[in-house]
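A quick write-up on the structure given underneath.
The values are calculated or read from the model by the stated rules, or taken from the named source; none is laboratory data. All values derive from a computational prediction rather than experimental measurement. Cβ atoms come from the backbone with ideal geometry, glycine included; neighbour counts cover every protein chain shown.
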Amino acid sequence: MAEQAQASDTSPRPIVPFLKLTPKPHLVGSKCVSCGAVYLDLKRLACSKCFAHGPFPEVKLSDHGKVYVFSVVHQSFPGIKTPYVTAIVDLPEGVSVRSTLVDISPEELQKNPKTAFDLPVELTTSVVAKDREGHDVIGFAYKPCKH
Ligand SMILES: [Zn+2]
C-alpha cells in the first residue's frame, strides 16, 4: 500500500488549457498587445479585431461574469446527468465562456427564464474525472454569486 501512496506526481490537471489551478483556480486568455482584445485561445496567431500578429501575452481573467444566454439540456451523452444548464458567460474582459451553470435549478430557470439573463455568476471548479495516470481532472463551471 505504501508504494501506491508514493506513486509519482498525482497533482490535479485542468480539463482545458485556459483553466489554471494555482494559486487559486482561474481562467486565462491571451491579450492582443495592439488593441487589447482578449481571447480564450492561448495559441492565437493573430487578432481578429485589428489583425495584429501574435503570439500574445497570457492574462488572468476575472472570476466573475454575467450570464448572456443559457439553455436547459435534457438529453446528453450516456452517463451525464440531465437536466443541466449550459450558458454563455460574458466576462468583463470581453470574453465569452461556454460553461455549465451549477447551484441553480434547471426547473426553476425554465419557469422563470428572465431571472437568468445578466445573472452575476462566479467561477467554481470540481473534480470531474480521473485520468489514466490517476490525476484528478478539474473542470470548471459558474454558479450564481452569493452577494
Ligand atoms: Zn488586436
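Observations on the structure shown:
- Qualifying strands (runs of 3 or more DSSP E) (wholly inside the stretch 30-109; at least 1 residues being of a type in the set (Lys, Arg) and closer than 22 Å to Val121 by Cα): 58-60, 64-73, 96-101
- Subset of the stretch 50-92 that is exposed (fewer than 14 other Cβ atoms within 10 Å of the Cβ) and among the charged types (D, E, K, R) - its residue that is farthest from the ligand (Cβ to nearest atom): Lys81
- Odd one out for Val59, checked against (1) out of contact with any Lys or Arg (no Cβ under 6 Å at 6 or more places or on another chain); (2) within 17 Å of Leu19 (Cβ to Cβ): (1)
- The residue that is modelled with the highest pLDDT, among those in the stretch 35-83 that are out of contact with any Gly (no Cβ under 9 Å at 6 or more places or on another chain) and at positive phi, is Phe51.
- In the stretch 93-147, the residues that are among the hydroxyl-bearing types (Ser, Thr, Tyr) and either within 16 Å of Leu27 (Cα to Cα) or modelled with pLDDT of 95 or more (or both): Ser96, Ser99, Thr100, Thr124, Thr125, Ser126, Tyr142
- When the stretch 101-130 is filtered for residues that are within 15 Å of the chain's Cα centre (by Cα) and among the small types (Gly, Ala, Ser), only Ser126 remains.
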